[in-house]
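Q: Quick one: the structure is below, questions incoming.
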Amino acid sequence: MKNTVKIIIGMCVVIFSWYWFVHLKYKDKSFVLIYHRIENYQGGLKSLYVSPKNFEKQMKYLYNQGYKTISLEEVADQIKNKKINSKNFCITFDDGYRDNLINAYPILKKYGFKATVFVTVNAVGQNFVYPYMPEAEHMSVEELRKIEDVFEIGSHSNSHSDMQKISKNDVIDEVRLSKKKLEKLLEINIKHFCYPFGKNFEQYADVLSSFGYFTAC
């Protein structure tokens, strides 16, 4: 009996210690959720898919727990000013798949959440193919305009090239032209950039800042 009590007390101490460690580690931190396709699996990399059913479960859970979305600009300001609200978070989507409009947009709107979609310019309105992924529809200019009440539009480069494998001049063109084209097509200011394949490049902060980007993911 005494051994059982000791084991129970020991387990409680471990659980409490772990909870307190996690609480102290993350109490002053926010987070960014990264999505690509909100669709049932269509082939290619399974890690880039979240089914509409699971996406709704995730958004409902966060909503019920009192989390609120903020813009990338707002989270950058919180980090800069060291005033992070752990109940604030960001949602981002890479590429600009059409299923973001069909499946994600109404769910985000239902829960009052905002998001950022990083658009590959050459894929706008096209059936586009990325490495290890099947061809898929991407939102058109008109469709991107329709979702601006929920989504902020950012750049995911011009052609989705690996920025570590192209020349500096090509990097600058990918960064500069994607912003210029999107601003012309959508008549908005593009302030956010997302690195294709998650790979940044030499002097990325200086290059992006020089063209008027505020954040990069």
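Q: May I ask you to list the aspartates and glutamates whose Cα is less than 19 Å away from that of K83, ignoring any residue fewer than eight positions away on the same chain?
A: Once the sequence-local aspartates and glutamates are set aside, what remains near K83 is D28, E73, E74.
Q: Per-residue accessible area for E39 at 1.4 Å probe radius, Å² rounded to 10?
A: Rounded to the nearest 10, that gives 50 Å².
Q: On to the next question. Nearest 10 degrees, 0 to 90: what angle lies between the long axis of helix 72-81 and the longest principal axis of the chain (Cα atoms)?
A: So the inclination is approximately 60 degrees.
Q: Under 18 Å Cα-Cα from K80, which lysines qualify once same-chain neighbours fewer than 8 residues away are excluded?
A: Partners within reach: K27, K29, K191.
Q: Quick one: P(r) of region 103-217 from all Cα-Cα pairs, 5 Å bins, percents rounded to integers, in order of increasing distance.
A: 2, 11, 22, 23, 19, 14, 6, 2, 0
Q: How far is helix 52-64 tilted off the main Cα axis of the chain, in degrees rounded to 10, range 0 to 90?
A: Result, in degrees: 60.
Q: While we're looking at this one, here's another question. Can you pull the accessible area of L45 for me, 1.4 Å probe, Å² to the nearest 10?
A: Its heavy atoms expose roughly 70 Å² to the probe.
Q: Let me ask another. Could you work out what % of the accessible surface of the chain is carbon and sulfur, using a 1.4 angstrom probe and leaving DNA, RNA and ligands out of the count?
A: On the way: 6970 of 12680 Å².
Exposed carbon and sulfur together represent 55 percent of the surface.
Q: Can you show me the helix-derived [θ] at 222 nm for the chain, built from DSSP H runs with n ≥ 4 at -39,500 (n - 2.57) apiece and divided by the number of residues, rounded to the nearest 500. Numbers along the way, then the final one.
A: Details: 7 runs with 87 residues, N = 217.
The helix contribution divided over the chain gives -12500 deg cm²/dmol.
Q: Only one of the listed values, (i) 9, 36, 33, 18, 4, 0; (ii) 8, 29, 32, 18, 7, 4, 2, 0; (iii) 8, 27, 27, 18, 14, 7, 1, was derived from the coordinates as P(r) over Cα pairs in 10 Å bins from 0, in percent; which label is it?
A: (ii)
Q: On average, how much accessible surface per residue is there in region 92-178, in Å², for a 1.4 Å probe, leaving out ligands, DNA and RNA? List each step's numbers first, then the result.
A: Values: 3610 Å² over 87 residues.
Accessible surface, normalised per residue, equals 42 Å².
Q: Excluding ligands and nucleic acids, what accessible area in Å² is computed for R145 using a 1.4 Å probe, to the nearest 10?
A: We get 110 Å² for R145.
Q: Note the angle between two axes, namely the Cα long axis of helix 168-186 and the longest principal axis of the Cα atoms of the chain, as a number of degrees from 0 to 90, rounded to the nearest 10.
A: Result, in degrees: 90.
The values are calculated or read from the model by the stated rules, or taken from the named source; none is laboratory data. If you're wondering where the values come from, they're calculated on a predicted model, not measured in any experiment. Just the protein is used for accessible areas: all its heavy atoms, side chains included, with ligands, DNA and RNA removed. Shrake-Rupley method; radii C 1.70, N 1.55, O 1.52, S 1.80 Å.
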